[in-house]
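J.: Okay, here's the structure, questions in a sec.
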Amino acid sequence: MYRTNTCGELRLLHAGNEVTLSGWIQRSRDLGGMTFIDLRDRYGITQLAFNMDQEPALCEQARKLGREFVLQVKGIVKERENKNLQLPTGEIEIEVKELKVLNASATPPFTIEENTDGGDELRMKYRYLDLRRASVRANLQLRHQVAKQTRNYLDGQDFIEVETPVLIKSTPEGARDFVVPSRMNPGQFYALPQSPQTFKQLLMVGGFDKYYQLVKCFRDEDLRADRQPEFTQIDCEMSFVEQEDVLHMFEGLVRHLFETVKGIQLASVPRMTYADAMKFYGSDKPDTRFEMRFVELNHLVKDKGFKVFDDAELVVGICAKNAAHYTRKQLDELTEFVKRPQVGASGLVYARVNEDGSIKSSVDKFYDEAALKTWAEAMQAEAGDLLLVLAGEQHKTRKALNELRLEMGTQLGLRDKNTFSCLWVMDFPLLEYLEEEGRFFAMHHPFTSPKPNDLAQIDEMLALQAAGKLSAAYESPRANAYDMVINGVEVGGGSVRIFNKELQQKMFALLGFSPEEAQAQFGFLMNAFEYGAPPHAGIAFGFDRLCSLFGGADSIRDFIAFPKNNSGRDLMIDAPSEIAEKQLTELSIAVKK
Ligand code: ASP
């Protein structure tokens, strides 16, 4: 038997017991007469004591062992003289009687401690050592909890977990596919799923009624801190439901997760239309941990001789509470911030509401105190507040003010990682026009149903399209689509689906598919719709993101056991890599020399 107890288990009440422990050497201290070793396993750390007087041979042996050696020890649990109350096992130690080295270890390339000295790349290359660190393990344990509680909740609601295939068909919509060549079908390729979307809809046609899956999805996109080429979704679909049923069901899931994983009772989740989100926050995923809503100022600022505002399509500002103390230097830095190409504003106008109620702005030349007071009033500013105003083309300006709002939220300490604010964003546009492609795309995906009231617009758009008159300016019908946003992060999204073949065909036509192309790509789905497809709707949550949010981290990487780096590489196994010429030949892939 390798062990009678774990390294996290023994307490004062076990004093006198003979125990066997196995684990890794966290570190050792040689004090001459005594040698101490901290023995670590998944459950904790227990101190081993070797006494030179009593067990000289054992002590000699213990002194020679290095970090990360794997040991098995037998000994007696003793009360410690110097207790360490930081450690759950800190009141006891093991007086070692027998010692067996189960395996030696090379010197690890970084220290396996909370604050390691290993850089990112090094830790990724030796991920199995990184995984021995308590903080990394805690993240993955949190992940396990979230998965388990997700299954508990959905199981309790009669959902069935079904696996869908990983080798599927490439589709031109959405992100770029990862593809897999088929040896048995020369020149043909599978694609890895970006999501099981069509399969879960087919499960509804198959009568499954409620489906979910914790499922790997693959998207060949440029990577950022919160993206991985393969990631996990909580993918769900339900039949005979309306939007309201789905929102209710999954608000329940989120509430269950907060309660069981974080011990937080969530208030009911407020809702905001996409249009309001854009108007008041300049983003479809507003961080609602703080207010600082946009206030439009066009009606107050025009025709006062300030050309920047006169020429602007939109003049819009935010009121930063209690920030009038910002120094000139800080304001210059904010101006630099908004002028960065990623933010894209051309300048920043500010006004301080002083404690005595007077207002000083960066545009005093054009706006007297009375004029500035009208701004302050519109923005509900009080003494001590700072007004920040941007101007320009509307979309660009809203986008820039969103960045500035978030930056101010951060600077003013309003984005605490332990505060959670959930929000449903609803009524997304069904379509968006992409200039680069010169056509409309589905904002969510092509299976999303328009709002019943906006259905007539689909026919109108098709008629305009046939006449060659459909322009980018056409305002999209709204969709029965919804996103769950937590702290400004989109953690989930879904929609009510089209379940009628004709409407689905119309959607494909609007997206520029010829009937033949639509049939070739999605014929299987439209055929299924001919055999009694039930009304259905669903949602998918980004599981890795949800975990990182619960863990209070920015990157999803810390919550994935074996993640890839920013170039999509697994540094540990060194993938992707070249394959043998023989394999390429078998796959009918021409080798470039
Ligand atoms: N399949 C969608 C996605 O991955 C989610 C959904 O509509 O259920 O974003």
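J.: Which value at 222 nm does the chain reach when only helices count, each DSSP H run of 4 or more adding -39,500 (n - 2.57), with the total divided by all residues and rounded to the nearest 500 deg cm²/dmol?
T.: About -8500 deg cm²/dmol.
J.: Which value in nm describes the separation of the simple spin-label points at Lys469 and Gln342, placed 7 Å from the Cα toward the beta carbon?
T.: Output for this residue pair reads 4.4 nm.
J.: Compute the distance from the alpha-carbon center of the range 155-182 to that of the range 253-268, in whole Å.
T.: Rounded to whole Å, the Cα centres lie 29 Å apart.
J.: Going down the table (Lys339/Lys373; Lys279/Lys302; Lys216/Lys417; Lys125/Lys148; Lys307/Lys365; Lys262/Lys321), which pairs top 22 Å between alpha carbons?
T.: Lys339/Lys373; Lys216/Lys417; Lys125/Lys148; Lys262/Lys321
J.: So, one more: Quick one: plug the Kirkwood hydrodynamic radius of the range 423-510 (C-alpha pairs) into Stokes-Einstein at 20 °C, 1.002 mPa s, and report D in µm²/s.
T.: Answer, rounded: 158 µm²/s.
J.: Also: Residue by residue, what Karplus-based ³J(HN,Hα) values in Hz, rounded to whole numbers, does the range 517-522 have, using 6.51, -1.76 and 1.60 with θ = phi - 60° and x for Gly and Pro?
T.: Couplings: 5, 4, 5, 5, 7, 10 Hz.
J.: Can you list residues from other chains, or at least 5 along the same chain, whose modelled amide H is less than 5 Å from the amide H of Ile264?
T.: Glu259
J.: Continuing with this model, one more query. Using the Karplus equation 6.51 cos²θ - 1.76 cosθ + 1.60 (θ = phi - 60°), what ³J(HN,Hα) coupling, rounded to whole Hz, does each residue of the range 488-497 give in order, writing x for Gly and Pro?
T.: Working through the residues one at a time gives x, 10, 6, 9, x, x, x, 6, 7, 9 Hz.
J.: Under the classification rounded if a/c is under 1.5, otherwise prolate if a/b is larger than b/c and oblate if not, where does the range 454-570 fall, given a ≥ b ≥ c as square roots of the Cα gyration tensor eigenvalues?
T.: Numbers: a/c = 2.18, a/b = 1.97, b/c = 1.11.
Taking the square roots of the gyration eigenvalues as a ≥ b ≥ c, the range 454-570 is prolate.
J.: Which percent of Cα pairs goes in each bin when the distances of the chain are cut into 10 angstrom slices starting at zero?
T.: Pair shares across the bins are 3, 13, 18, 20, 19, 14, 9, 4, 1, 0.
J.: Between the range 388-404 and the range 1-57, what is the C-alpha centre distance in whole Å?
T.: Between the Cα centre of the range 388-404 and that of the range 1-57, the gap is 61 Å.
J.: Would the range 309-418 count as rounded, prolate or oblate if I go by the C-alpha gyration tensor, calling it rounded below 1.5 in a/c and otherwise prolate when a/b exceeds b/c, oblate otherwise?
T.: oblate
J.: So what are the ³J(HN,Hα) numbers for the range 535-551, from phi and the Karplus equation (6.51, -1.76, 1.60; θ = phi - 60°), rounded to whole Hz, Gly and Pro as x?
T.: Computed from phi, the couplings for the range 535-551 are x, 8, 7, x, 6, 9, 9, x, 5, 4, 5, 4, 5, 5, 5, 4, x Hz.
J.: Further, regarding this structure: Calculate, for Ser588 and Asp332, the FRET efficiency according to 1/(1 + (r/R0)^6) with r their C-beta to C-beta distance and R0 51 Å; round to the nearest 0.05.
T.: Efficiency, rounded to the nearest 0.05: 0.25.
J.: Let me ask something additional. Take every Cα pair under 8 Å in the chain that's 6+ residues apart, average their separations, divide by the length, and report that relative contact order as a whole percent. Numbers along the way, then the final one.
T.: On the way: 1101 pairs, mean separation 77.7, N = 593.
Computed over the chain, the figure is 13 percent.
J.: Under 12 Å Cα-Cα from Lys97, which aspartates and glutamates qualify once same-chain neighbours fewer than 8 residues away are excluded?
T.: Glu18, Glu55
Here, each number is a calculation from the coordinates, and none is a lab measurement. Please read these numbers as outputs of a predicted model, since none were measured by experiment. Virtual Cβ from ideal backbone geometry, glycine too; neighbours counted across all protein chains shown.
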